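None of the figures in this text is laboratory data; all of them are computed from the coordinates on show. Since we're looking at a predicted model, the values are computed, not measured. All Cβ positions, glycine included, derive from the backbone under ideal geometry; neighbour counts span all protein chains shown.
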Amino acid sequence: EAAERPCFQLLRSLTLVLPPPSVWSHAACRCIDLAYSSPLSKFIGACRNLTELNLTLVHFKRGTDWCQAVTSASVSQLRAVALLQCAVQTPASIERLASSCPKLEDFDVRGRNNPRSSAGSQCSGCSHRFKAVVWNSVALLHRWTRLQRLTLYRLRGLLCFSFLTESSVVHLRLSWPLRKLTCSDGQPFIAWLRSCTHLQSLTLICRNVALTAICAQIGCADTQHLRNLCVISDVCVRTECAERSVSQLSGRLALLGTVHAHYMDEQRQKRRVTWVKRWLYRRQGGRRHLADGVFLLDAPCTP
């Protein structure tokens with residue numbers, strides 16, 4: 001019914017949310033399967049002028065991915081796509097996405113945020129190891145699309161990041177699952193970071209690695225184009241060590257303008273520290289001045 005309404009042609013951004021399990025007449029899991037892919041394809045086809053599509057609240061059953069629920073013509077204008085890992089289950093899914101969305105600039109793939117939720121726990125696609133991104137996947141996206149921003153968050157079983165080598169992404173948000181800054185294939189974190197010469201903004205979620213170790217590696221990577229850095233860690237470090245590690249980055253990375261870090265202090269309290277280059281800082285308030293910038297303690301994530 002919605003597909004027949006001309007007003008949907010005016011939509012530019014769409015977030016799709018399926019009703020809770022109790023609403024379904026014959027299914028207990030909020031998952032798209034082949035039976036639902038056809039009506040979903042018609043609906044998205046009616047929204048032919050979409051530039052942003054968010055399907056991170058929609059699960060797909062094993063053997064069904066998002067490309068089966070859309071036609072190439074209906075998504076040709078998309079500039080931003082956000083999906084759960086069950087929506088892109090094989091490398092062929094990435095290839096179809098690249099060929100269908102030539103204007104794609106922002107690609108976001110996430111694992112389930114809450115494994116204990118009813119939909120997440122029953123989704124077989126989110127329970128299996130993520131295998132859609134392989135060594136040439138990012139290069140393929142660069143070749144066929146306008147990819148600038150890439151998010152890979154909490155993807156189950158993604159332990160090797162060699163596909164980021166020589167990546168041209170400008171903004172990268174990455175969830176690092178390992179307890180050390182070395183990939184499962186033995187390649188160090190610093191190796192692919194050095195090769196990302198276009199990278200200007202990096203958000204690194206390293207829950208199992210100390211903030212001090214992360215800052216040391218990034219400083220040694222000599223990523224001279226990096227302007228904004230956000231690091232999230234759950235490992236306990238002393239407050240003075242955390243602040244010193246953050247401030248030392250400014251002397252190593254010439255263009256760095258802001259560093260925002262989440263960490264656990266020695267009392268296991270969640271803390272935030274933000275360093276802002278002095279000429280970028282304009283607001284008044286509680287702060288501590290350094291020679292090259294300003295420290296903001298427990299500042300919000302967007303200073």
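Nearest 500 deg cm²/dmol is fine: what mean residue ellipticity at 222 nm does the chain get from its DSSP H runs of n ≥ 4 alone, each adding -39,500 (n - 2.57), divided by its residue count?
So the helix-based figure for the chain works out to -6500 deg cm²/dmol.
Quick check for the chain: number of Lys pairs with alpha-carbon distance under 24 Å, counting only pairs 8 or more apart or on different chains? List each step's numbers first, then the result.
Values: 42/61; 42/103; 61/131; 131/180; 180/270.
Within the chain, the lysine pair count is 5.
Express the C-alpha Rg of the range 144-291 as a ratio against the empirical globular expectation 2.2 N^0.38 Å, rounded to two decimals.
The reported ratio for this selection is 1.04.
With a cut-off of 8 Å between alpha carbons and a minimum separation of six or more residues, what is the relative contact order of the chain in percent?
Normalised by residue count, the contact order of the chain is 10 percent.
Taking the chain as the reference, fit the longest principal axis to its C-alpha atoms, fit the long axis of helix 211-221 to the helix C-alpha atoms, and give the angle between the two in degrees, 0 to 90, nearest 10.
In the chain, helix 211-221 runs at an angle near 90 degrees to the longest axis.
Return 70, 294 ranked ascending by Cβ neighbour count within 10 Å, so the fewest neighbours appear first.
294, 70
Measure nothing fancy, just the Cα-based angle from helix 34-46's long axis to the longest principal axis of the chain, in degrees from 0 to 90, nearest 10.
80 degrees
Tell me, what is the percent relative contact order of the range 183-226, built from C-alpha pairs under 8 Å that lie six or more residues apart?
Details: 25 pairs, mean separation 26.4, N = 44.
60 percent.
Could you work out the relative contact order of the range 185-303, using alpha carbon pairs under 8 angstrom and six or more residues apart, expressed as a whole percent? Present the calculation step by step, with values, prior to reporting the outcome.
On the way: 217 pairs, mean separation 24.4, N = 119.
Reported as a whole number, the value is 21 percent.
From the square roots a ≥ b ≥ c of the eigenvalues of the alpha-carbon gyration tensor of the range 118-228, which class results: rounded (a/c under 1.5), prolate (a/b over b/c), or oblate? Intermediate results must be reported in sequence, preceding the final value.
Working: a/c = 1.82, a/b = 1.25, b/c = 1.46.
Oblate, since a/c reaches 1.5 and b/c is not below a/b.
In nanometres, what is the gap between the two model label sites at residue 234 and residue 267, each 7 Å from Cα along Cα-to-Cβ?
2.2 nm
Got a sec? Charge dipole of the chain, +1 on Cβ for Lys and Arg, -1 for Asp and Glu; which of 276, 51, 16 is way out at the positive end?
276
How far is helix 91-100 tilted off the main Cα axis of the chain, in degrees rounded to 10, range 0 to 90?
80 degrees
In bins 10 Å wide, starting from 0, what share of all Cα pairs of the chain does each bin hold, as a percent?
6, 25, 29, 23, 13, 3, 0
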